[in-house]
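Following: one structure in structure tokens, then a few remarks.
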Amino acid sequence: MQLRMTFFSILAILLIQAIPVRAQALTPTSPAQAGTQPPAVGISNPGSGQALQGVVAVTGNSAIPGFSSSELSFAYSSDPTGTWFLIAENQAAVKNGILAQWDTTTITDGDYQLRLVIHLVSGQQQIASATGLRVRNYTAVETETPTPPPTPRPGNTPEPTSTPTPTLTPIPPTATAVPPNPAVIEPQDLYENLGRGALGVIGIFSLIGIYRSLQGFRKKRSRN
């Protein structure tokens, strides 16, 4: 009888110790205990390096544990002073949605960056950013830089091909024939004209001589 009582006492002690262990095993674990990461702060649109025009819907996530408020700002990429300009301030957390509407037509074209600052109730901050944003409202959007061809492996280097160089053939100048000058007098023409002039002078003197001879003859005849 005493042995049976001892057996039941040991069994009861084992059951009492097993109940808390089973209850602990059935207690649900929190996401942090299960290894689940809390949602991260980030800007999903626009992406870094993107070209922007007009009004841009800036989307992202600010819904994290301990959220108090958030600020979305922009700055010039090359500004050494680190001056930020406020776009919007939210008192409510945004879960993978629109954080603000950014009107890029009110600023000059250039390269900018966005910054999302989350203020926590603990006084701490979490920051996310998007860099290299190209605002191009009034200038042309640059084309994508082509990817260079792959570098050939050693031993398979193609031989360089020579590009023929065009040769310029000089064209000799052609002489333009000059029409003959009509005012040029040849020696033969000069001699002929002089001969004709001399003959004309001799003829004139001959006529004068004949005329005077006739007059003398008439005078003699009239006297007789």
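The values are calculated or read from the model by the stated rules, or taken from the named source; none is laboratory data. Keep in mind the model is a prediction, meaning the values are calculated, not measured. Neighbour counts are summed over all protein chains in view; Cβ atoms, including those assigned to glycine, are modelled from backbone coordinates with ideal geometry.
Worth a mention:
- Every condition in (1) at pLDDT 70 or above; (2) not in a helix (DSSP H, G or I) holds for Gly203 except the one numbered (2).
- Note on the stretch 79-97: residues that are over 19 Å from Gln113 (Cβ atoms) and touching a strand residue (DSSP E or B) at 6+ places or on another chain (Cβ under 8 Å) total 7.
- In the stretch 92-121, residue farthest from the chain's Cα centre (by Cα) [restricted to those that are outside any strand (DSSP E or B), of a type outside the set (S, T, N, Q) and within 16 Å of Leu133 (Cα to Cα)]: Ile107
- When the test is whether a residue is assigned to a strand (DSSP E or B), touching an Asp or Glu at 6+ places or on another chain (Cβ under 7 Å) and touching a residue at least 24 places away in the same chain (Cβ under 8 Å), Glu89 does not pass it.
- Summed over the stretch 40-79, the residues that are assigned to a loop (DSSP other than H, G, I, E, B), within 25 Å of the chain's Cα centre (by Cα) and either surrounded by fewer than 15 Cβ atoms within 10 Å (Cβ to Cβ) or of a type in the set (Gly, Ala, Ser) (or both) give a count of 9.
- So Ala128, is it modelled with pLDDT of 75 or more and surrounded by 10 or more Cβ atoms within 10 Å (Cβ to Cβ): yes
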